[in-house]
Amino acid sequence: MTHFLDINKTAPDDLRAILNQAAEMKAARRDRPKGTPDALTPLAGRMVALIFEKPSTRTRVSFDVGARQMGAQTMVLSGADMQLGHGETIADTARVLSRYVDLIMMRTFEEDTLLEMAEYASVPVINGLTNRTHPCQIMADILTFEEHRGPIRGKKVVWMGDGNNVCASFIHAAGQLGFDLTFSGPKSLDPEDAFVGEARQKGARIVIERDPVAAVEGADLVVTDTWVSMHDSQSSRERRHNLLRPYQVNDALMRAAGRDALFMHCLPAHRDEEATSAVMDGPHSVVFDEAENRLHAQKAVMRHCLGV
Ligand code: CP
Ligand code: NVA
């Protein structure tokens, strides 16, 4: 069974194969109307379930469109509307869904929910974001970086702000694909030590630099994300904003990063909070390429999981 649960649980060669296939499939689709299937439909006859226990625009639409382009049928399920939201166990849900569908993508809160789904499902399970990680996002981000700047190996990525789920998957990717990552944010919002330690053990240079201007020096890529994630309590909002304000990505910070630095944000963005509109819409920004590449990267992830 080939699940896609996290970047640090997928072998580097497999990550590279997924990225190569994503680039090939993207090129092959060029100029094809959005509603037409791909020339090759490796998922023909397959049924894909997309389960959301949190809101989503990009993940929902890109998985749905991508699966259909490859010939699959899809269903989008809201966790709250399923018996899952009314006391049925994850294990039973996993066993039942496996009798109906060939592939499950799940966005949930606790990582354990996803892991239990994967343990009891007899079909592959893909992580569409948990409180702890967001691997599909980072596959799209690496694809985007490499389209603009070539191989990411040895490059310097700077994560600005909250050491959250998206940051965690970037740290995993640094370990697996061999790039440097500097985290710049307040100590209380540091990424998990275990993730940092693991990436370092794999040879990645992971640096913690509290000064945002010093952090971005020589950056090939500056990345940020919302200051309040979906799983964060609304009561922490003010505290988080106060802690994170010095880490806003604005024109001055991008100037310090240098002319060739790219800017990424997984979206949805809170414009003029974590990043200014000038940066979001400015010359460094590739945020809409990232959003598009969710589609192409995830198509390759689905093929990897199904072995087709
Ligand atoms: N970046 C991302 O996962 O967006 P959605 O929450 O809209 O799916
Ligand atoms: N860190 C954000 C990412 C949204 C795609 C969240 O978890 O809400």
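The values are calculated or read from the model by the stated rules, or taken from the named source; none is laboratory data. These numbers were taken from a predicted model, which means no experiment stands behind them. Cβ coordinates were reconstructed from backbone atoms using ideal geometry, including for glycine residues, and neighbour counts include every protein chain displayed. Ligands, DNA and RNA are stripped out before the accessible areas are found, and what is left, the full protein with its side chains, is counted by its heavy atoms. Shrake-Rupley method; radii C 1.70, N 1.55, O 1.52, S 1.80 Å.
Could you please let me know if residue 56 is open to solvent by less than 60 Å² (accessible area, probe 1.4 Å), within 15 Å of ligand 1 (Cβ to nearest atom) and in contact with a strand residue (DSSP E or B) (Cβ under 7 Å, 6 or more places away or on another chain)?
So residue 56 passes the test.
Kindly list, by first and then second residue, each pair from a residue in the range 89-111 that is under 23 Å from residue 136 (Cβ atoms) and of a type in the set (Lys, Arg) to a residue that is at pLDDT 95 or above and assigned to a loop (DSSP other than H, G, I, E, B), limited to pairs with Cβ atoms under 7 Å and residues at least 6 apart or on different chains.
These pairs meet every condition: 107/53; 107/54; 107/56; 107/128; 107/129.
Find the residue count for the range 80-136, including only residues that are on the phi > 0 side of the Ramachandran plot and in contact with a Pro (Cβ under 9 Å, 6 or more places away or on another chain).
Selection size over the range 80-136: 1.
Go through the range 193-221 and give me each residue that's within 15 Å of residue 163 (Cβ to Cβ) and open to solvent by less than 70 Å² (accessible area, probe 1.4 Å).
194, 195, 196, 197, 198, 199, 206, 207, 208, 209, 212, 215
Of the conditions (1) out of contact with any strand residue (DSSP E or B) (no Cβ under 8 Å at 6 or more places or on another chain); (2) closer than 24 Å to residue 62 by Cα; (3) open to solvent by 20 Å² or more (accessible area, probe 1.4 Å), residue 164 satisfies every one except a single condition; which number is it?
(3)
Here's the yes/no breakdown for (1) touching a residue at least 40 places away in the same chain (Cβ under 8 Å); (2) among the polar types (S, T, N, Q); (3) touching a helix residue (DSSP H, G or I) at 6+ places or on another chain (Cβ under 6 Å):
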| site | (1), (2), (3) |
| --- | --- |
| 2 | yes, yes, yes |
| 8 | yes, yes, yes |
| 22 | yes, no, yes |
| 28 | no, no, no |
| 32 | no, no, no |
| 37 | no, no, yes |
| 41 | no, yes, no |
| 48 | yes, no, yes |
| 56 | yes, yes, no |
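Filter the range 162-185 for residues that are outside any helix (DSSP H, G or I) and more than 20 Å from residue 230 (Cβ to Cβ); which is nearest to ligand 2 (Cβ to nearest atom)?
In this case the residue turns out to be 183.
Where in the range 16-128 are there helices (runs of 4 or more DSSP H), lying fully within it, with 3 or more residues that are under 18 Å from residue 296 (Cα atoms) and within 16 Å of ligand 2 (Cβ to nearest atom)?
58-69
Every residue, every condition in (1) open to solvent by less than 70 Å² (accessible area, probe 1.4 Å); (2) at pLDDT 95 or above; (3) out of contact with any Gly (no Cβ under 8 Å at 6 or more places or on another chain); (4) not basic (Lys, Arg), yes or no:
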residue: 48; (1), (2), (3), (4): yes, yes, yes, yes
residue: 52; (1), (2), (3), (4): yes, yes, no, yes
residue: 62; (1), (2), (3), (4): yes, yes, yes, yes
residue: 67; (1), (2), (3), (4): yes, yes, yes, yes
residue: 71; (1), (2), (3), (4): yes, yes, no, yes
residue: 76; (1), (2), (3), (4): yes, yes, yes, yes
residue: 81; (1), (2), (3), (4): no, no, yes, yes
residue: 84; (1), (2), (3), (4): yes, no, yes, yes
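So in the range 129-155, with the set limited to residues that are of a type in the set (D, E, K, R) and in a helix (DSSP H, G or I), which one is least open to solvent (accessible area, probe 1.4 Å)?
Selected residue: 141.
In the range 2-24, which residues are hydrophobic (A, V, I, L, M, F, W, C) and more than 17 Å from residue 179 (Cα to Cα)?
Of everything in the range 2-24, those that are hydrophobic (A, V, I, L, M, F, W, C) and more than 17 Å from residue 179 (Cα to Cα) turn out to be 4, 5, 17, 18, 22, 23.
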